């Protein structure tokens, strides 16, 4: 007498379920992975970073290429136009595009003429509010304009740099910095090297904060 195949003893629904499980895993895994990444970002990144990222309507890594003043009667400045060449667009801006924003001239009053708000050739990672009806905008809060050094590293505030995932990237350097090959204007050297992280790391955390 031949032994019966034990599979014949199992209900048909068992085989259907076994066939569906791998498909469900493929469909659900990306969502689960994204959820875990968002939860990790919520725990590890400081609240001031998440608030800055959430409030910004335009976020990009760009270099100032032109600055123009808009004057009213008596040549009193009303606004300033700052034009950027975008290296990497993160929100509301396309990489490789040219972007011009307008700032109210009142933000420039009291600015030291030797340290203007922007300089041609200066590269920064910028968080701007969405422009209002008149086209005016400004950087978000106190951390809306972060200098980018010659090696393409963002100089982040001290309160951000001590948090994961920023902390593990602190102190990174490149051959461009050592050789001085890059011609961009260097930002003020006030922040120590331990506060510099790659643009891509900050961009990734901004996208996670947006999804949160």
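Below, the figures for the structure above:
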| read-out | value |
| --- | --- |
| Chain lengthening between residue 158 and residue 87 when straightened (0.36 nm per residue, less Cα-Cα) | 23.1 nm |
| Length released on extending from residue 95 to residue 151, taking residue separation times 0.36 nm less the Cα-Cα span | 18.3 nm |
| Order of 80, 129 - criterion: other Cβ atoms within 10 Å of each residue's Cβ, fewest first | 129, 80 |
| Protection proxy ranking of 54-64, 136-146 - average other beta-carbon atoms within 10 Å, highest first | 54-64, 136-146 |
| Extension reserve of the residue 70-residue 104 stretch, reckoned as 0.36 nm per residue once the Cα distance is removed | 11.3 nm |
| Listed peptides 68-79, 86-97, 117-128 by packing density, highest first (mean Cβ within 10 Å) | 117-128, 86-97, 68-79 |
| Pairwise label distance in nanometres, residue 130 with residue 55, each label 7 Å out on the Cα-Cβ vector | 1.6 |
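Each value in this text was obtained by applying a stated rule to the coordinates, not by laboratory testing. Source: prediction; values computed, not measured. When we count neighbours, we look across all protein chains shown, and the Cβ atoms used for this are built from the backbone with ideal geometry, even at glycine.
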